[in-house]
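The values are calculated or read from the model by the stated rules, or taken from the named source; none is laboratory data. Since the model is a prediction, treat every value here as computed from it, not as a measurement. Don't worry about glycine lacking a Cβ; one is built from the backbone with ideal geometry, like all the others, and counts go over all protein chains shown.
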Amino acid sequence: MDYEVVLPAAGSGKRMGAGKNKLFLSLANKPILIHTLEIFQKDRNCTGIYLAVKPEERDYIQHLLNDYKITKVKGLPNGGKERQHSVHSCLKVMNDVEIVLVHDAARPFISQQVIDRLVETAYEKGAAIAGVRAKDTMKKVQDGIIVETVDRENLWSIQTPQAFRYELLRHAEDVAEKEGFLGTDEAMLVERLGYEIHIVESNYENIKMTTKEDLLFGEAILKNRQM
Ligand code: C5P
């Protein structure tokens with residue numbers, strides 16, 4: 001079951017506070033970006049990778065791709081102001097693909113099993129996203145005061161990859177652009193058009209490298225995998 005993947009990689013990583021794109025930071029002596037790319041480079045079903053990049057980082061990323069023999073990259077379009085714009089700019093340069101996955105370049109621990117299930121479900125149903133069940137007690141807070149304890153039973157934390165029929169996601173992104181709507185993930189753009197989106201249960205290792213502690217968690221995950 002073939003698919004192509006879009007990896008937004010044009011963020012500034014302010015919350016990491018590294019003074020540079022957090023994707024260039026190393027985990028076990030390899031840039032985070034390369035850890036993520038190698039997953040898709042290895043997956044035989046992945047037939048193309050599109051990376052949204054900052055123009056000033058394109059040359060450096062091209063060097064990394066050469067050094068680590070990442071050969072599946074078909075496009076390195078300019079990213080945009082928000083993540084959604086970066087994803088959209090990749091979709092605009094893709095063609096002839098049935099299923100597209102969108103995956104944060106900053107999530108280097110996604111499992112092959114979850115990718116396979118997402119692709120399968122997207123082929124069957126049109127849209128599927130990765131998520132995990134909420135672990136903590138969830139409360140709605142307003143002005144520092146608890147307003148409500150939300151029933152955790154039906155709450156999920158949403159991750160990437162998010163998998164869609166290309167035509168569906170492209171349409172949802174085009175509509176959002178036209179209407180000036182900004183979502184926090186791809187699914188939100190598709191949901192608002194009334195389509196059903198299926199959840200694929202992922203795992204808690206699929207963290208997004210966001211703050212400094214995540215680097216520690218990341219090193220621990222890699223160490224555990226080597227044992
Ligand atoms: O900032 P955050 O970690 O939530 O971003 C998620 C992913 O989206 C990262 O891989 C980041 O590089 C990417 N991104 C992007 N363009 C933006 C903002 C974020 O490609 N304008």
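Annotations
- Residues located in the range 69-98, provided they are in contact with an Asp or Glu (Cβ under 8 Å, 6 or more places away or on another chain), in a loop (DSSP other than H, G, I, E, B) and among the aliphatic types (A, V, I, L, M): ILE70, MET94, VAL97
- Sole residue being surrounded by 16 or more Cβ atoms within 10 Å (Cβ to Cβ), acidic (Asp, Glu), more than 16 Å from the chain's Cα centre (by Cα) and more than 21 Å from ARG170 (Cβ to Cβ), chosen from GLU57, GLU153, GLU148: GLU57
- Subset of the range 176-189 [within 18 Å of LEU7 (Cα to Cα), out of contact with any Asp or Glu (no Cβ under 9 Å at 6 or more places or on another chain) and assigned to a loop (DSSP other than H, G, I, E, B)]: THR184, ASP185
- Every residue from the range 116-175 that is in contact with a Lys or Arg (Cβ under 6 Å, 6 or more places away or on another chain), over 17 Å from ARG192 (Cβ atoms) and not in a strand (DSSP E or B): ALA134
- Tally, over the range 170-197, of residues that are away from the ligand (no atom under 16 Å from the Cβ) and closer than 14 Å to GLN159 by Cβ: 1
- The sole residue among TYR123, TYR50, TYR60 that is among the aromatic types (Phe, Trp, Tyr), under 21 Å from LEU189 (Cβ atoms) and touching a Phe, Trp or Tyr at 6+ places or on another chain (Cβ under 9 Å) is TYR123.
- Looking across the range 17-32 at every residue that is in contact with a Pro (Cβ under 8 Å, 6 or more places away or on another chain) and either more than 8 Å from the ligand (Cβ to nearest atom) or among the polar types (S, T, N, Q) (or both), the one that is nearest to ILE70 (Cα to Cα) is identified as ILE32.
- When LYS14, LYS54 are screened for being among the charged types (D, E, K, R), under 24 Å from GLU82 (Cα atoms) and either more than 11 Å from the ligand (Cβ to nearest atom) or modelled with pLDDT of 95 or more (or both), only LYS54 passes.
- Screening SER89 with (1) among the small types (Gly, Ala, Ser); (2) within 18 Å of ILE197 (Cβ to Cβ); (3) surrounded by fewer than 23 Cβ atoms within 10 Å (Cβ to Cβ) gives one miss only, at (2).
- Within the range 99-121, tally of residues that are within 18 Å of THR47 (Cβ to Cβ), out of contact with any Asp or Glu (no Cβ under 9 Å at 6 or more places or on another chain) and crowded, with 24+ Cβ neighbours inside 10 Å: 2
- Test for MET188: is it among the hydrophobic types (A, V, I, L, M, F, W, C), surrounded by fewer than 19 Cβ atoms within 10 Å (Cβ to Cβ) and free of Cβ contacts under 8 Å to residues at least 12 places away in the same chain: yes
- Restricting ILE199, ILE221 to those that are of a type outside the set (S, T, N, Q), within 23 Å of GLY17 (Cβ to Cβ) and surrounded by 15 or more Cβ atoms within 10 Å (Cβ to Cβ) reduces the list to ILE221.
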